[in-house]
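Chemist: Input: one structure, supplied below.
Values in this text are rule-based calculations from the coordinates and carry no lab data. This is a predicted model, so every value here is computed, not measured. Here the Cβ positions follow ideal geometry from the backbone for every residue, glycine too, while neighbour counts run over all protein chains shown.
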Amino acid sequence: MASAPVRVRFCPSPTGNPHVGLVRTALFNWAFARHHGGTLVFRIEDTDAARDSEESYAQLLDAMRWLGFDWDEGPEIGGPHAPYRQSQRMEIYADVARRLQERGFAYECYCTTQELDERREAARAAGKPSGYDGQCRDLSAEQIEAYKREGRTAIVRFRMPDAPITFDDLVRGELTFTPENVPDFGIVRANGAPLYTLVNPVDDALMDITHVLRGEDLLSSTPRQIALYAALAEIGVGNGSIPHFGHLPYVMGEGNKKLSKRDPQASLNLYRERGFLPEGLLNYLSLLGWSLAEDRDVFSIEEMVAAFDIGDVNANPARFDLKKCEAINAVHLRELAPDEFVRRLVPYLQAADLLPAEPTDAQLDLLTRAAPLTQERMVVLGEVVGMLGFLFVAPEDFRVDEADAAKALGPDAAPVLESSIKALESLQDYTPEPIQAVLREALVDGLGLKPKHAFTPLRVAVTGRRVSPPLFESMELLGREETLRRLRAAAERVSG
Ligand code: GLU
Ligand code: ZN
């Protein structure tokens, strides 16, 4: 590894909602920085006013916090290279663009879109490379004057060197790009707005970034950025060294298609709303291109940081497997300490209006007693609403699931409900074992029912669903009065 202290950056553009590809990139950069005791720079690439939004910016910060990623320089904390929002660095880019032109590393291009299109088509038809053909590379002062008189405006183009560019990708090994595949490219729009192609490497140079870890979709911009770095060194921007690049593999979604930002399955919010734990989601996302050991899918973020080596990242596309993501989350969920599990459930019950913003001690106590009945069965925290909602719903709002009722609360449930009500009314010790004993006696011995037929109607009547936490514990938690009220309501429904 290079001797300079590691400095990496996470530099999203604030457009739309954060997606899992972005989170994977943040994770690998964060883990790399922490593994090497380096610095993570969080930079906001908000130079595209038409697409960027403050809302999206706020979501990015919120997502980073939720995931537990800290950054060493960036929004809200500042740092030696502030500001870290590119929208606040426009003079820097204008100045660099001007100096690049003065030194001949960039030039004005007056071609119209139509002209460019026509020449591209002609090149294609002739089977030649179809990128920019360098027409404006060496315009004379007279030609420029003539274009201006015509009312043309110019973009600024970077002059690519006429030699191949080779670099050693940290993931993919040595890569070479030949000049015909990397034509001169625009760095400033006709209206003066600097483009990603300029601002991203300028800031990487100014912020002394040593390693660029990012998605493979950006691989084609790397030879350009390397050439631009060399030019920046010539004009004294940055410390003159070129960062190491590592391109993280594509993530494939359904049907083996590249998972796109717009895929609903890619939205981080979806995972948060369903109740994935940050540690579960990050564990799974780390497997998209990396692994701790061949036989270990489940590990903590600390273990990942300790073991993470960018050289171990696999260049082959990774497949996003929701089932596996869920299974890994379930393991992390089971490993939570009981009180921590309760703490994490609360917001999901609140979001479903089953708990108030400030739960009472009695409500928290009930949740603390009920939670262990579900911890082993849950995949995501949001399932608490279906599993334990029956305990928190106001009596007047309790409803049985209609599909489950259709199966379990038919006419033959009437004697089951009647006998159960009688048995529970006279029970002395209303705790799970005696509850079970008297119900067995009444239904299995008394009515001669198989346990399944005996207890399913009760389960639906009391918890509202055919699948629920253990029945007798549920009855105890609910209390005798409310249990009986629900059994009577069900009996009425069945006979009425
Ligand atoms: N802002 C760029 C993006 O969102 C970052 C590219 C990079 O990592 O170099 O794609
Ligand atoms: Zn041109």
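Chemist: Send over the semi-axes of segment 170-219's equivalent ellipsoid, whole angstrom and largest first, taken as the square roots of 5 times the C-alpha gyration tensor eigenvalues.
Modeler: 22, 18, 9
Chemist: Specify the angular offset, from 0 to 90 degrees and rounded to the nearest 10, of the alpha carbon long axis of helix 196-206 from the longest principal axis of the alpha carbons in the chain.
Modeler: 90 degrees
Chemist: Note the angle between two axes, namely the Cα long axis of helix 414-425 and the longest principal axis of the Cα atoms of the chain, as a number of degrees from 0 to 90, rounded to the nearest 10.
Modeler: Tilt relative to the chain: about 80 degrees.
Chemist: How big is the charge dipole of segment 305-401 about its Cα centre, in debye rounded to the nearest 20, if each Lys and Arg gets +1 on its Cβ and each Asp and Glu gets -1 on its Cβ?
Modeler: Charge dipole of segment 305-401: 320 debye, to the nearest 20.
Chemist: Rounded, prolate or oblate: pick one for segment 1-123, where a ≥ b ≥ c are the square roots of the eigenvalues of its C-alpha gyration tensor, a/c under 1.5 means rounded, and failing that, prolate if a/b is larger than b/c, else oblate.
Modeler: It is prolate, given that a/c is not under 1.5 and a/b is the larger ratio.
Chemist: Using the reciprocal of the averaged 1/r over all distinct C-alpha pairs, how large is the Kirkwood radius of segment 359-399 in Å?
Modeler: 11.0 Å
Chemist: Among 430, 471, 494, whose Cα sits farthest toward the positive end of the charge dipole of segment 401-496 (+1 at Cβ of Lys/Arg, -1 at Cβ of Asp/Glu, about the Cα centre)?
Modeler: Toward the positive end, the furthest listed residue is 494.
Chemist: Report, to two decimal places, the Cα Rg of the chain normalised by 2.2 N^0.38 Å (N = number of residues).
Modeler: 1.35
Chemist: Output the lone cysteines of the chain: those with no second cysteine's C-beta under 4.7 Å from their C-beta.
Modeler: Those would be 11, 111, 325, since no other cysteine Cβ in the chain comes under 4.7 Å of theirs.
Chemist: Here is a follow-up. Calculate the spin-label point distance for residue 339 paired with residue 196, positioning each point 7 Å from the Cα along the beta-carbon direction, and give it in nanometres.
Modeler: Reported label-point gap for residue 196 and residue 339 is 4.7 nm.
Chemist: What is the ratio of the Cα radius of gyration of segment 98-206 to 2.2 N^0.38 Å, where N is its residue count, to two decimals?
Modeler: Rg over 2.2 N^0.38 Å, computed on Cα atoms: 1.20.
Chemist: For a quick check: with amide H placed at 1.01 Å from N, whose amide H comes under 5 Å from residue 42's, ignoring anything fewer than 5 positions away on the same chain?
Modeler: Distant-sequence amide H within range of residue 42: 10, 72, 73, 74.
Chemist: HN-Hα J couplings of segment 147-156 from phi, Karplus 6.51/-1.76/1.60, θ = phi - 60°, integer Hz, Gly and Pro as x?
Modeler: Going residue by residue, I get 4, 5, 5, 5, x, 6, 10, 10, 9, 9 Hz, with x marking Gly and Pro.
Chemist: For residue 393 and residue 98 in one chain, what is 0.36 nm times their gap in residues minus the Cα-Cα distance, to one decimal in nm? List each step's numbers first, then the result.
Modeler: Values: separation 295, 0.36 × 295 = 106.20 nm, distance 6.60 nm.
Here the answer is 99.6 nm.
Chemist: Now for a separate question. Report, in degrees rounded to the nearest 10, the 0 to 90 angle that the Cα long axis of helix 90-102 makes with the longest principal axis of the chain.
Modeler: The answer is roughly 30 degrees.
Chemist: If amide H atoms are built 1.01 Å from N in the plane of the peptide, which residues on other chains or at least 5 residues away come under 5 Å of the amide H of residue 244?
Modeler: 211, 212
Chemist: Using only the alpha carbon atoms of segment 1-73, find the Kirkwood hydrodynamic radius as the inverse mean reciprocal pair distance, in angstroms to one decimal.
Modeler: Working: mean 1/r = 0.0782 Å⁻¹.
Every distinct Cα pair counted, the radius reaches 12.8 Å.
Chemist: Given a Förster radius of 35 Å and the C-beta distance between residue 300 and residue 440 as r, what FRET efficiency does 1/(1 + (r/R0)^6) yield to the nearest 0.05?
Modeler: Given R0 = 35 Å and the Cβ-Cβ separation, E is 0.20.
Chemist: Segment 1-53 to segment 433-467: how many Å between their Cα centroids?
Modeler: Using only Cα atoms, the two centres lie 56 Å from each other.
Chemist: Quick one: check the C-alpha center-to-center distance for segment 325-382 versus segment 172-193, whole angstrom.
Modeler: Cα centres, segment 325-382 to segment 172-193: 51 Å.
Chemist: Additional query: So between residue 406 and residue 141, what do we pick up on full extension, going 0.36 nm a residue minus the alpha carbon distance? Working shown, then result.
Modeler: Details: separation 265, 0.36 × 265 = 95.40 nm, distance 8.54 nm.
Additional length available on full extension: 86.9 nm.
Chemist: Amide H of residue 252: which non-local residues (sequence gap of 5 or more, or other chain) have their own amide H closer than 5 Å, using H built in the peptide plane?
Modeler: 259, 318, 319, 320
Chemist: Bin width 10 Å, origin at 0, all Cα-Cα pairs of segment 190-295: what percent of pairs per bin?
Modeler: Here the calculated profile for segment 190-295 is 12, 31, 28, 22, 7, 0.
Chemist: Length gain on complete extension for the stretch residue 291 to residue 53, per 0.36 nm per residue less the alpha carbon to alpha carbon distance?
Modeler: This chain segment gains 82.2 nm when fully extended.
Chemist: Project the alpha carbons of segment 280-393 onto their principal axes and report the range along each, largest first, in whole Å.
Modeler: So the three principal-axis extents are 53, 24, 23 Å.
Chemist: With each label point set 7 Å from Cα along the Cα-Cβ vector, what nm distance links residue 365 and residue 428?
Modeler: It is 2.5 nm.
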